[in-house]
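Engineer: My structure is below; once you've seen it, I'll send some questions.
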Amino acid sequence: METMRWLEEGCLELLDQTELPAKITYLKCRDYLDVAVAIKRLAVRGAPAIGAAAAYGLTLGAMKLNAPKKEEFISGVQAIARELSATRPTAVNLRWALDRMIKKLHIDKGEDINTLRAILLEEANLICQEDVETNRRIGRHGQALIPNGARILTHCNAGALATAGYGTALGVIRAAREAGKNISVVADETRPLLQGARLTAWEMLREHIPVTLITDNMAGYLMATQKVDLIIVGADRIAANGDVANKIGTYSLAVLAKAHNLPFYVAAPTSTIDMSLASGAEIPIEERDQAEITHLAGKPVAPLGVKAWNPAFDVTPNHLVTGIITEKGAVYPAYRENLEKLINI
Ligand code: MRU
């Protein structure tokens, strides 16, 4: 199942993840604003996937941009990049992908505007292709840490749907399966938007990887009754000291894992590491609409008018993280030192 695909006619198709698992429908994005809206309403979601989608969004914007002079064209593309970048603040992959696209414009200064448009499309395709290769490498490094027979708890969806393909945390699980390990998965449902129930459970079932769904508040009892061996999650941004921002509820799992002496791994590409932030305290945390808490599938589940708080992510402090699995290998404490070394490989 493709998360996104570029059509020759000059249009981006996004698998509408808000409709899963009930319906498989693709949204056609013909303009960068269509992509911006899709990112905001989580039709496409997951850190690497929104980076790749935004790269195509920028390409769409550049295709429609009417700027006869090259300087005007470049500043127009930069303005679109700023708009796309503001759609979701936490996942750094969004900014990373857009910065990479913009850099291409500066490198190729001698080209005309149509050539620049083609260069942008080529770069967006490359970001997508590389993401799948990166995830396969994360999978290879990560699977070595998974014992045969392991029962693995994961949160949210860090799978093929959250990337251009294969997934990060679920990529490790896929790779362990491909290596012939007899593993099983426990998926946290992940309130409020149920990415675990709707997306992770769906991905695992499609591949016949044994999966059991639990509600988020069952994780403590699951660990206390020894029904899980390790935890693997994805990440939206990792600070230079190894603090990890990921879907709300990840921090609670990490605390529980520590209390039950279980390994807690984070699987993410190096594009998720933000060396410009000294610690997780500096990571901007997206707050979403209260209706996501007060309503479920459009129906109220709380009294009308009640106030709700809806942070979409939390920060897990580095001391709760057993290891960070990247495409360049796994990193362990001391993170400040070891992430610096990893980035420079
Ligand atoms: O709000 P979402 O669904 O975009 O949140 C996604 C997550 O938190 C994922 O765990 C993270 O982006 C890693 S995806 C490989």
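Engineer: If I ask for residues that are over 18 Å from LEU194 (Cβ atoms) and surrounded by fewer than 16 Cβ atoms within 10 Å (Cβ to Cβ), which ones from segment 2-25 would you list?
Structural biologist: GLU2, ARG5, LEU7, GLU8, GLU9, GLY10
Engineer: Hey, another quick one. Here are VAL255, VAL315: which of them is closer than 23 Å to ASN338 by Cα, assigned to a strand (DSSP E or B) and outside the structural domain of ARG88 (by TED's automatic domain parsing)? Walk me through it before giving the result.
Structural biologist: On the way: VAL255 fails: assigned to a strand (DSSP E or B).
Criteria check complete, one pass: VAL315.
Engineer: Something else now. When you scan segment 16-36, how many residues do you find that are more than 15 Å from the ligand (Cβ to nearest atom), of a type in the set (A, V, I, L, M) and either outside the structural domain of CYS128 (by TED's automatic domain parsing) or over 16 Å from LEU98 (Cβ atoms) (or both)?
Structural biologist: Count: 3.
Engineer: Further question on the same structure: Of all helices (runs of 4 or more DSSP H) completely enclosed by segment 163-229, which ones contain at least 2 residues that are open to solvent by 20 Å² or more (accessible area, probe 1.4 Å) and closer than 19 Å to SER252 by Cα? Write out each step before concluding.
Structural biologist: On the way: elements: 169-178, 201-206, 219-224.
Hits in segment 163-229: 219-224.
Engineer: Of GLU130, GLU122, which residue is within 16 Å of the ligand (Cβ to nearest atom), part of a helix (DSSP H, G or I), open to solvent by 50 Å² or more (accessible area, probe 1.4 Å) and free of Cβ contacts under 8 Å to residues at least 24 places away in the same chain?
Structural biologist: Numbers: GLU122 fails: within 16 Å of the ligand (Cβ to nearest atom).
Testing whether each residue is within 16 Å of the ligand (Cβ to nearest atom), part of a helix (DSSP H, G or I), open to solvent by 50 Å² or more (accessible area, probe 1.4 Å) and free of Cβ contacts under 8 Å to residues at least 24 places away in the same chain leaves just GLU130.
Engineer: Kindly indicate whether LYS341 is closer than 25 Å to ALA97 by Cβ and open to solvent by 20 Å² or more (accessible area, probe 1.4 Å).
Structural biologist: Values: closer than 25 Å to ALA97 by Cβ: yes; open to solvent by 20 Å² or more (accessible area, probe 1.4 Å): yes.
So LYS341 fits the description; yes.
Engineer: Continuing with the same structure: Going by the conditions given, is ALA79 modelled with pLDDT of 95 or more, open to solvent by less than 30 Å² (accessible area, probe 1.4 Å), in a helix (DSSP H, G or I) and at negative phi? It would help to see each step written out before you state the result.
Structural biologist: On the way: modelled with pLDDT of 95 or more: yes; open to solvent by less than 30 Å² (accessible area, probe 1.4 Å): no; in a helix (DSSP H, G or I): yes; at negative phi: yes.
Answer is no for this residue.
Engineer: Going through segment 253-289 one residue at a time, which ones are of a type in the set (S, T, N, Q), in contact with a Leu (Cβ under 8 Å, 6 or more places away or on another chain) and within 12 Å of the ligand (Cβ to nearest atom)?
Structural biologist: Residues satisfying the conditions do not exist here.
Engineer: Still on this structure, please answer the following. Give the residue, chosen from PRO311, PRO284, PRO317, PRO333, that is over 17 Å from ALA169 (Cβ atoms) and open to solvent by 70 Å² or more (accessible area, probe 1.4 Å). Before you say what the answer is, go through the steps one by one.
Structural biologist: Details: PRO311 fails: open to solvent by 70 Å² or more (accessible area, probe 1.4 Å); PRO284 fails: open to solvent by 70 Å² or more (accessible area, probe 1.4 Å); PRO317 fails: open to solvent by 70 Å² or more (accessible area, probe 1.4 Å).
Checking each option against the conditions leaves just PRO333.
Engineer: Oh, and also: With respect to ALA97, is the statement that it is crowded, with 19+ Cβ neighbours inside 10 Å, in contact (Cβ under 8 Å) with a residue 24 or more places away in the chain and more than 22 Å from LEU253 (Cα to Cα) true?
Structural biologist: Working: crowded, with 19+ Cβ neighbours inside 10 Å: yes; in contact (Cβ under 8 Å) with a residue 24 or more places away in the chain: yes; more than 22 Å from LEU253 (Cα to Cα): yes.
So ALA97 passes the test.
Engineer: Looking at LEU60, LEU94, LEU33, LEU84, can you tell me which residue is assigned to a helix (DSSP H, G or I) and more than 30 Å from PRO311 (Cβ to Cβ)?
Structural biologist: Values: LEU94 fails: more than 30 Å from PRO311 (Cβ to Cβ); LEU33 fails: more than 30 Å from PRO311 (Cβ to Cβ); LEU84 fails: more than 30 Å from PRO311 (Cβ to Cβ).
Unique residue meeting the criteria: LEU60.
Engineer: While we're here: Conditions first: (1) in the same structural domain as ALA53 (by TED's automatic domain parsing); (2) within 16 Å of the ligand (Cβ to nearest atom); (3) open to solvent by less than 40 Å² (accessible area, probe 1.4 Å); (4) without any contact (Cβ under 8 Å) to a residue 40 or more places away in the chain. LEU105 passes all but one, so which condition is the exception?
Structural biologist: (2)
Engineer: Within segment 230-252, how many residues are in a strand (DSSP E or B) and more than 13 Å from the ligand (Cβ to nearest atom)?
Structural biologist: As a first pass, look at segment 230-252 and keep what is in a strand (DSSP E or B): 230-233, 237-239, 244-247.
Those left that are additionally more than 13 Å from the ligand (Cβ to nearest atom): 230, 239.
The number of residues fulfilling the criteria is 2.
Engineer: Right, here's the next one. Cβ-Cβ distance below 8 Å, separation of 6 or more or different chains: which pairs start in segment 283-312 with a residue that is part of a loop (DSSP other than H, G, I, E, B) and end on one that is open to solvent by 30 Å² or more (accessible area, probe 1.4 Å) and β-branched (Val, Ile, Thr)?
Structural biologist: These pairs meet every condition: ILE283/VAL315; ILE285/VAL315; ALA302/ILE293; ALA308/ILE293; TRP309/ILE293; ASN310/ILE293; ALA312/ILE248; ALA312/ILE285.
The values are calculated or read from the model by the stated rules, or taken from the named source; none is laboratory data. Since the structure is predicted, the reported quantities are computational estimates derived from the model, not experimental observations. All Cβ positions, glycine included, derive from the backbone under ideal geometry; neighbour counts span all protein chains shown. To get the accessible areas, we keep the full protein, side chains included, count just its heavy atoms, and leave off ligands, DNA and RNA. Shrake-Rupley method; radii C 1.70, N 1.55, O 1.52, S 1.80 Å.
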